[in-house]
Amino acid sequence: MKQTLTSAALALGLAAGAAQADTIVDIAAGDERFSTLVAAVTAADLVETLSGPGPFTVYAPVNDAFAALPEGTVDTLLQPENKDQLTNVLLYHVDDRKLTSRDFAAGANFYKPVLASERLCITSHSGVTITDGTGDVANVVVADIQAENGVIHVIDKVLLPGTRPDCH
């Protein structure tokens, strides 16, 4: 029940921001639950890109998803000397198409994020899950937040590149 209430509150809070047709970055910056994501996008110099015309689909991890990474990971990624690695992780969360939850084919299918050499396995069946390159699964907890330049799907895990996920 708590998860349902949290998801509903998150959906209501984000839907209010999306009603103004802000960009993906505007919506994320206007919600404290994305402060770590916004800090990372800023450190990677991706603000201008993700504020551009798009279209984009962003799988946006909440702060708790970043906090679940091994201790020190976020601080390490935010250091200037690790900008390339941070950029790769962030681009793994971006598709250069506008994909609403209705656009995800039923079952498990590969999707290609902007990070060209990688794949995500997105499963659509009674909800949407995303398997990353480590084989771990993120849940889409709020789908289809409309932005001027695309759509945001809120996820509960930071997606990490690696090997091609199993997608059956």
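The table below lists the values:
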| quantity | calculated |
| --- | --- |
| Whole-Å distance, taken between Cα centres, linking the range 73-106 and the range 29-46 | 12 Å |
| Alpha-carbon Debye profile of the chain, log10 I(q)/I(0) at 0.09, 0.13, 0.15, 0.17 Å⁻¹ | -0.26, -0.57, -0.78, -1.04 |
| Relative contact order [Cα under 8 Å, 6+ residues apart], the range 2-155, whole percent | 27 percent |
| For the chain, size of Cβ-based charge dipole, Lys and Arg +1, Asp and Glu -1, in debye | 520 debye |
| Peptide ranges 147-159, 124-136 listed from the most packed, as the mean C-beta count within 10 angstrom indicates | 147-159, 124-136 |
| Relative contact order [Cα under 8 Å, 6+ residues apart], the range 50-134, whole percent | 23 percent |
| Nearest-0.05 FRET efficiency for residue 32 and residue 71, computed from C-beta distance (R0 35 Å) | 0.95 |
| Sites matching GluC sites (Glu not before Pro) across the range 21-88 that sit in DSSP coil, with at most 11 neighbouring C-beta atoms within 10 Å | 71 |
| Under the span-like rule (Cα at least 18 Å along the axis, Kyte-Doolittle mean at least 0.5), DSSP H helices of the chain | 2-18 |
| Among 110, 39, 56 the positive-end extreme of the charge dipole of the chain (Cβ point charges) | 110 |
| Length released on extending from residue 117 to residue 64, taking residue separation times 0.36 nm less the Cα-Cα span | 16.3 nm |
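Laboratory data are not the source of any read-out in this text; all were calculated from the coordinates shown. Please read all numbers here as calculations on a predicted model, not as lab measurements. No Cβ is skipped: glycine too gets one built from the backbone with ideal geometry, and neighbour counts run over all protein chains shown.
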